[in-house]
Amino acid sequence: MTRRILFLVSIIASLCVSSYIVWGFYAHREINRLAVFTMPSELAGFYKRNQIYVSTHAVDPDKRRYAASLEGPRHYIDMERFGDGTVDALPLEFWEFHDKFTGLYCITSNDSLEVSYAEEKIKVGSKAVELKKNDYKRWYSKNIFRSYRYELDTLQTQLPYTIRNEFDPCIRFTVFDTMMQHGILPYHMLDMQRYLTSAFKKGDVKRILQLSAEMGHYIGDATVPLHTTTNYNGQETGQRGIHAFWESRIPELFAEAEFDMLVGKASYIVDKPAFFRDLIRTSHEHVDSVLLIEADLRRKLPEAEQECYEERLGRIVRVPCSAFTRAYYDRLDGMVEDRFRVAIKSVGSSWYTAWVDAGRPAMEGDLMTVIEINDTTYSRREGLKGRGH
Ligand SMILES: [Zn+2]
């Protein structure tokens, strides 16, 4: 009897994995769909015609995480890992960030030495090696840095890289990378903004829409507090599952009926780096409340009132009970709704800004095309494990 119960429990547990783990799919799609209503009149028609496209494809970056190994770090940044944990510790440019947080090691015949910049020379370990800084920079950029500046689907590089030596005395170089582990979200949003602007300049309708949809995703992620911390799923504090609880369960239960989705019109983003960093900063400020309030509620509520089983699409899934979710939602005091609204307005502002920066092209001719929604599938390869968001 006990064994049968255990067997049943293990079946139920194995069914609990999907459905609600993966802001969740619902929230990402809603954010993009609603961002369309923030468009000024010149762009409103374009985005309305393709509203289903930008909404459907809002989740492509999450789908791609399994196929492209460098996709994962675009979705988060572990603020605690960088300097004093504030956005001010992050260099403005991706290049500087990369240089600061990536360890490059020169492997000699009998040693492994960290490479760093010296004044005029490149320092390898304690020795100053006669490399011209510009040569090194060019080499670095070509071999290492460029791998991060890929465009969308083309990225398959595995880290750490081992690079054949072009410089004496290194036999080869190895890169130990903190960014891969701790995320590049603020920089990736900046890149995406540039890509989207250039797509508007070229008038490439398919690309504008794809990039708009995906930009919506990354901005959505940046508005979620748990995308800015090492404790992204409560794993460091015994609160596993809190990620989906906050970003999926709450919106699923309350967004439609209770969120005020009218956020006004998109605004032009003057200072892009400051804007994206601000999203991260405000998200990160909420991390403590997100965790502490949940922990407090779990202490006060009987365990049986915390987790419930629900049927979804013919499968049984374990989810936080509705009453428990309501209690958490109420104690967060409008936080989830606020972040959701910030996401909608920011996505709209990013699209609008790209269009303005591209010289306000008239949305006519080819740009009248309605792009078909194709189901993007990505082959499953080794992705970055352990971060299900
Ligand atoms: Zn994501």
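The values are calculated or read from the model by the stated rules, or taken from the named source; none is laboratory data. If you're wondering where the values come from, they're calculated on a predicted model, not measured in any experiment. Note that each Cβ is placed from the backbone with ideal geometry, even for glycine, and that neighbours are counted across all protein chains shown. Calculation scope for accessible area: heavy atoms of the full protein, side chains included, ligands and nucleic acids excluded. Shrake-Rupley method; radii C 1.70, N 1.55, O 1.52, S 1.80 Å.
Given the options Leu253, Leu291, Leu262, name the one that is at pLDDT 95 or above and not acidic (Asp, Glu). Write out each step before concluding.
Working: Leu253 fails: at pLDDT 95 or above; Leu262 fails: at pLDDT 95 or above.
The conditions single out Leu291.
Quick check: anything in region 195-209 under 18 Å from the mean Cα position of the chain (by Cα), within 16 Å of the ligand (Cβ to nearest atom) and either buried (at least 18 other Cβ atoms within 10 Å of the Cβ) or more than 18 Å from Asp357 (Cα to Cα) (or both)? Break it down stepwise before answering.
The first filter runs over region 195-209 and keeps only residues under 18 Å from the mean Cα position of the chain (by Cα), leaving 195-196.
If we keep only those that are within 16 Å of the ligand (Cβ to nearest atom) too, we end up with none.
No, every residue in region 195-209 fails to be under 18 Å from the mean Cα position of the chain (by Cα), within 16 Å of the ligand (Cβ to nearest atom) and either buried (at least 18 other Cβ atoms within 10 Å of the Cβ) or more than 18 Å from Asp357 (Cα to Cα) (or both).
Glu214 passes all but one of (1) farther than 30 Å from Ala44 by Cα; (2) charged (D, E, K, R); (3) assigned by TED's automatic domain parsing to the domain that holds Ile52; which number fails?
(1)
List pairs: first in region 61-88 and at pLDDT 85 or above, second charged (D, E, K, R) and away from the ligand (no atom under 11 Å from the Cβ), Cβ under 6 Å, 6+ apart or cross-chain?
Listed pairs, sorted by first residue: Val87/Arg277; Val87/Arg281.
Within region 332-366, which residues are over 26 Å from the mean Cα position of the chain (by Cα) and at negative phi? It would help to see each step written out before you state the result.
Restricting attention to region 332-366, the residues satisfying the condition of being over 26 Å from the mean Cα position of the chain (by Cα) are 359-366.
Hits for region 332-366 are Pro361, Ala362, Met363, Glu364, Asp366.
Within region 345-389, which residues are within 16 Å of the ligand (Cβ to nearest atom), of a type in the set (Val, Ile, Thr) and modelled with pLDDT of 95 or more?
Val347
Return a yes/no flag: does region 225-247 have any residue that is away from the ligand (no atom under 15 Å from the Cβ), charged (D, E, K, R) and under 21 Å from Ile52 (Cα atoms). Break it down into steps so the answer makes sense when it comes.
Of the residues in region 225-247, the ones away from the ligand (no atom under 15 Å from the Cβ) are 230-231, 234-242, 245.
Among the residues that remain, those that are also charged (D, E, K, R) are: 236, 240.
Restricting the remaining residues to those that are under 21 Å from Ile52 (Cα atoms) gives none.
No, there is no match, as no residue in region 225-247 is away from the ligand (no atom under 15 Å from the Cβ), charged (D, E, K, R) and under 21 Å from Ile52 (Cα atoms).
Select from region 261-297 the residues that are within 28 Å of Leu92 (Cα to Cα) and among the β-branched types (Val, Ile, Thr) and list them in ascending order.
Ile269, Val270, Ile280, Thr282, Val287, Val290, listed by residue number.
When you look at Lys63, is it open to solvent by 30 Å² or more (accessible area, probe 1.4 Å) and within 11 Å of the ligand (Cβ to nearest atom), yes or no?
Numbers: open to solvent by 30 Å² or more (accessible area, probe 1.4 Å): yes; within 11 Å of the ligand (Cβ to nearest atom): yes.
Taking the combined requirement at face value, the residue satisfies it.
Looking only at region 26-40, count how many residues are within 12 Å of Leu262 (Cβ to Cβ) and open to solvent by less than 30 Å² (accessible area, probe 1.4 Å).
We begin by selecting, within region 26-40, every residue within 12 Å of Leu262 (Cβ to Cβ); these are 34, 37-38.
The next check asks that each one be open to solvent by less than 30 Å² (accessible area, probe 1.4 Å); those that pass are 34, 38.
Of the residues in that region, 2 qualify.
Which pairs do you get when a residue that is within 16 Å of Ile242 (Cα to Cα), found in region 291-317, comes within reach of a residue that is open to solvent by 50 Å² or more (accessible area, probe 1.4 Å) and not polar (S, T, N, Q), reach meaning Cβ atoms under 6 angstrom, with the pair 6+ apart or on two chains?
These pairs meet every condition: Ile293/Arg331; Glu307/Arg318; Val317/Glu310.
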